[in-house]
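Student: Let me begin by handing over the structure; questions about it come next.
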Amino acid sequence: MNQIEAATNEVIEVLRNRKVPIGISNRHVHLSEQDYNTLFPNEPISVAKPLGQPGHYAANQYVDIIGPKCTLERVRILGPLRSYSQLEISLTNARELGLKGVIRQSGDLMSTPGVTIRSHSGEITLKEGVIVAKRHIHMSPLDALIFGLSDNQEVSVGIDSDERKTRFDQVIVRVDPSSALELHLDTDEANAAGLIGNADFAVIIRDE
Ligand SMILES: [Zn+2]
């Protein structure tokens, strides 16, 4: 092995072992433009806080989620608006609401539960669209190349928290040119791993 090759391998090894930021997704709603306009006529969606993925943000707008068993109040809308509406909750939320918790990838909404969404000035009922997001890790094509991973592949990640060291299997890799490297977990998963905020990191486990 020549010197350049050795140096390159060393760099790749460092990049492969780097820490993956974790984004903890609290329950939230994505809305289509049509559904948004029904809920918030005359109130353009506005940015409260940018999220880890470029262009994504928590909006200033909230809604109430009305389930068969209870109402979840002040659930945040995440922007930008999409071509479809979708409510993402944890399994704990699903139990509270009285809805079946269906674990799916974002956008895979066939045969998922529906729900009623209410704002201060409107109400819509989705026929389907309530999911518990399947845990996933966003990355760019360059990161995928470095890690030796491809879109839709499943990987394992390790989280070295102080008192709840955890390994998550069945994490879907989502490769997109507009993505930043980030593991997305919901609040149930984050609590199980003893994560306390968004300053936590995971590592991708490579089984030899
Ligand atoms: Zn995500």
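Student: Would you pick out the residues in the stretch 89-129 that are open to solvent by less than 30 Å² (accessible area, probe 1.4 Å) and closer than 15 Å to residue 32 by Cβ?
Tutor: Across the stretch 89-129, the qualifying residues are 109, 114, 115, 117, 119, 122, 124, 126, 129.
Student: Restricting to the stretch 155-169, and then to whatever is away from the ligand (no atom under 15 Å from the Cβ) and either on the phi > 0 side of the Ramachandran plot or part of a strand (DSSP E or B) (or both), can you tell me which residue is surrounded by the most Cβ atoms within 10 Å (Cβ to Cβ)? Walk me through it before giving the result.
Tutor: The first filter runs over the stretch 155-169 and keeps only residues away from the ligand (no atom under 15 Å from the Cβ), leaving 156, 158-167, 169.
Among the residues that remain, those that are also either on the phi > 0 side of the Ramachandran plot or part of a strand (DSSP E or B) (or both) are: 156, 158-159, 166-167, 169.
Working: 156: 15, 158: 15, 159: 23, 166: 17, 167: 11, 169: 10.
Across the stretch 155-169, the extreme among qualifying residues is 159.
Student: Among (1) away from the ligand (no atom under 16 Å from the Cβ); (2) open to solvent by less than 20 Å² (accessible area, probe 1.4 Å); (3) of a type outside the set (Ser, Thr, Tyr); (4) not assigned by TED's automatic domain parsing to the domain that holds residue 91, there is one condition residue 139 misses while meeting the rest; what is its number?
Tutor: (1)
Student: Looking at the stretch 120-132, is at least one residue in a strand (DSSP E or B), at positive phi and not hydroxyl-bearing (Ser, Thr, Tyr)?
Tutor: No.
Student: Just checking, does the stretch 72-82 include any residue being in contact (Cβ under 8 Å) with a residue 12 or more places away in the chain, outside the structural domain of residue 176 (by TED's automatic domain parsing) and in a loop (DSSP other than H, G, I, E, B)?
Tutor: Yes; the residues of the stretch 72-82 include at least one that is in contact (Cβ under 8 Å) with a residue 12 or more places away in the chain, outside the structural domain of residue 176 (by TED's automatic domain parsing) and in a loop (DSSP other than H, G, I, E, B).
So that you can scan it fast, the table gives a plain yes or no per residue for (1) in contact with a Cys (Cβ under 6 Å, 6 or more places away or on another chain); (2) more than 28 Å from residue 101 (Cα to Cα); (3) of a type in the set (Val, Ile, Thr):
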residue	(1), (2), (3)
5	no, yes, no
8	no, yes, yes
13	no, yes, no
43	no, yes, no
46	no, yes, no
52	no, no, no
61	no, no, no
67	no, no, no
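Student: Considering only residues that are open to solvent by less than 60 Å² (accessible area, probe 1.4 Å), of a type in the set (A, V, I, L, M) and within 16 Å of the ligand (Cβ to nearest atom), which ones fall in the stretch 17-65?
Tutor: Scanning the stretch 17-65 gives 20, 22, 24, 29, 58.
Student: Considering each of 149, 183, 126 in turn, give the residue that is within 15 Å of the ligand (Cβ to nearest atom), in contact (Cβ under 8 Å) with a residue 24 or more places away in the chain and of a type in the set (A, V, I, L, M, F, W, C). I'd like the intermediate steps shown before the answer.
Tutor: Details: 149 fails: within 15 Å of the ligand (Cβ to nearest atom); 126 fails: within 15 Å of the ligand (Cβ to nearest atom).
Selected residue: 183, the only one of 149, 183, 126 that is within 15 Å of the ligand (Cβ to nearest atom), in contact (Cβ under 8 Å) with a residue 24 or more places away in the chain and of a type in the set (A, V, I, L, M, F, W, C).
Student: Using the structure shown, decide if residue 68 is without any contact (Cβ under 8 Å) to a residue 40 or more places away in the chain, open to solvent by 60 Å² or more (accessible area, probe 1.4 Å) and assigned to a loop (DSSP other than H, G, I, E, B).
Tutor: In short, yes.
The values are calculated or read from the model by the stated rules, or taken from the named source; none is laboratory data. The structure displayed is predicted, hence computed values, not measured ones. Heads up, the Cβs are rebuilt from the backbone with ideal geometry, glycines too, and the neighbour counts pull from every protein chain shown. All accessible areas refer to the heavy atoms of the entire protein, side chains included, with ligands and DNA or RNA removed. Shrake-Rupley method; radii C 1.70, N 1.55, O 1.52, S 1.80 Å.
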